[in-house]
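Asks: Here it is, the structure, as structure tokens.
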Amino acid sequence: MKAKINLNLLFTLFIITATILSSCITSFPTTGSAVNCNGQMIVPLKNPTIRASFPGGQQAMYKFLRENIKLTQETKIKGKVRVAFIVTKNGEICDVRITSKPKKYIDNEVARVIKIMPKWIPGSNGDENIDCYYLLNIKF
């Protein structure tokens, strides 16, 4: 009887752990898959030679995020939100996805602000601008 209870407990813990881990896995398509991005089908790269960048650099990007993410006192949290998106070869942002454990209101607000960012400096391979993925961690 005791062994059966321990097996049930172990199985339950396994299911809970698997559920939590699967909620944190990115839902991005695999490399080489076409993605609809602002009405066009593109095939973004995960590892360009030169990564896309926010105009003005990382400090300017975090300043933009601080000034535009609006959270109420009730939603102020400590933690991290991981967001992934595509920067097109024209510097536009599309296919914004939250890849960390969901925190509904905060995730929606982060996605909203990412979508209103100014055009980025696109990633490149050699002399050619390319569509590429970008993964960003935002700490609160």
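The values are calculated or read from the model by the stated rules, or taken from the named source; none is laboratory data. All values reported here derive from a predicted model rather than from experimental measurement. Virtual Cβ from ideal backbone geometry, glycine too; neighbours counted across all protein chains shown. Heads up: the accessible areas ignore ligands, DNA and RNA and are worked out on the full protein's heavy atoms, side chains in. Shrake-Rupley method; radii C 1.70, N 1.55, O 1.52, S 1.80 Å.
Asks: Describe numerically, in nm with one decimal, the distance between label points set 7 Å from Cα along Cα→Cβ at Lys70 and at Lys115.
Replies: Each label point is offset 7 Å from its Cα along the Cβ direction, giving 1.6 nm.
Asks: Something else: Given a 1.4 Å probe, how much area per residue of region 66-129 is accessible, in Å²?
Replies: 59 Å²
Asks: Within region 51-137, what whole-number % of the accessible surface is contributed by carbon and sulfur, with the 1.4 Å probe and all protein chains included in the calculation?
Replies: 49 percent
Asks: Sticking with this one: Label Asn125 and Asn90 with points 7 Å out from Cα along Cα→Cβ: what is the distance between them in nm?
Replies: Result: 2.1 nm between the two label points.
Asks: Sticking with this structure for a sec: Quick check for you: which residues of region 98-140 have the amide N under 19 Å from the point 7 Å beyond the Cα of Lys78 toward its beta carbon?
Replies: It comes to 101, 103, 106, 138-140, nothing else.
Asks: Determine the principal axes of the Cα atoms in region 46-140, then give the extent along each, sorted from largest to smallest and rounded to whole angstroms.
Replies: 48, 24, 17
Asks: Roughly how many nanometres apart are two label points built 7 Å out from the Cα toward the Cβ at Asn36 and Lys139?
Replies: Using points 7 Å along Cα→Cβ, the separation is 3.8 nm.
Asks: Moving on to the next point. Would you mind checking Lys80/Lys104; Lys46/Lys104; Lys78/Lys101 for any pair whose Cα atoms are more than 18 angstrom apart?
Replies: Lys46/Lys104
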